[in-house]
Amino acid sequence: MLIFSLIWTLSVLLTEIHSWGFKNGIFHNSIWLEQAAGVYHRESRKGRYQLTYKEAKAVCKYEGGTLATYDQLEAARQIGFHVCAAGWFDKGRVGYPIVKAGANCGFGKVGIIDYGYRLNKSERWDVYCYNPNSKECGGVLTEQQKIIQSPGFPEEYQDDQICYWHIRVRLGQRIRINFLEFDVEDDTDCLADYLEVYDSYDDVSGFAGRFCGDYLPEDMISTGNVMTLKFLSDASVTAGGFQLQYSAVNASLFPQNLQTGPPLIT
């Protein structure tokens, strides 16, 4: 029975691997969908919910992208893209993608929380852009190990940057973050430029730390199989930026609480 089960599981995986295909610019039917999703969330440099429809389109165009379509947003959601922030997307619609329902996110639902077509294009929201060829600043990451760095690293990052990295590894795994280099503008309480780490799908819950300055943060290990990183720079003063590596580790090797500390051997 065990052998039959293993053969069936392998057959399903092979079928899924060979079912890759593009349709309307979206990579369908694959657990590696994120490699072509190309959807990302942006907020105004002034903060959350500050963009009119016209301004939202300008943000995407400035970065070489376009407003994401509903199908593109759903494709990204299916591979773990989860943001508790309503934003403009194609044709003047507003909504946001939810992977896991929560009390403060999604009204208890899972899917695209769709506010519909907005008649008043002067309403202010965030924005969801689409650009599969530009992932330097943020993205949905599902590799077992990957280097993440500030835009332009090792050169200084620019002013007015907002980047989100949503990391998702396999169920039964956790995420270990190892900081390799760190140089972000230092100020009291890290209010100007900073990197935030969240032990969750988004930047609403699971806050684990905010970092700035040139002190190298200690390693961190998630409590589950998802983490979110948010990098923000304001309109003045920049620095060398950061480089870190995340890697998937076996959850059974670590206790349930999020850890910080020296590098761990797995």
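The values are calculated or read from the model by the stated rules, or taken from the named source; none is laboratory data. No experiment lies behind these values; they were computed from the predicted model shown. We place every Cβ from the backbone using ideal geometry, glycine too, and count neighbours over all the protein chains shown.
Observations, loosely collected:
Results for (1) assigned to a strand (DSSP E or B); (2) touching a residue at least 40 places away in the same chain (Cβ under 8 Å); (3) over 25 Å from Glu155 (Cβ atoms), shown as yes or no for each residue.
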residue	(1), (2), (3)
Glu196	yes, no, no
Thr223	no, yes, yes
Ala239	no, yes, no
Phe242	yes, yes, no
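- If you go through segment 20-58 and keep only what is at pLDDT 65 or above, part of a strand (DSSP E or B) and either on the phi < 0 side of the Ramachandran plot or outside the structural domain of Tyr70 (by TED's automatic domain parsing) (or both), you end up with Val39, Tyr40, His41, Arg42, Ser44, Leu51.
- First in segment 44-59 and under 15 Å from Asn120 (Cα atoms), second anywhere and β-branched (Val, Ile, Thr) and crowded, with 17+ Cβ neighbours inside 10 Å, Cβ under 7 Å, 6 or more apart: Leu51/Val59; Leu51/Val127; Ala56/Val127
- Condition met for Phe211 (among the aromatic types (Phe, Trp, Tyr), over 15 Å from the mean Cα position of the chain (by Cα) and closer than 23 Å to Val83 by Cα): yes
- Residue match in segment 197-205 (condition: surrounded by fewer than 18 Cβ atoms within 10 Å (Cβ to Cβ) and under 23 Å from Thr142 (Cβ atoms)): yes
- Flag for Lys100 being surrounded by fewer than 20 Cβ atoms within 10 Å (Cβ to Cβ), modelled with pLDDT under 95, of a type in the set (D, E, K, R) and assigned to a loop (DSSP other than H, G, I, E, B): yes
- Taking the conditions (1) without any contact (Cβ under 8 Å) to a residue 60 or more places away in the chain; (2) more than 26 Å from Gly65 (Cα to Cα); (3) surrounded by 17 or more Cβ atoms within 10 Å (Cβ to Cβ) in turn, Arg93 satisfies each one other than (2).
- Near pairs, Cβ below 6 angstrom, 6+ apart or cross-chain, from segment 60-83 (on the phi > 0 side of the Ramachandran plot) to any residue that is among the basic types (Lys, Arg): Gly80/Arg168
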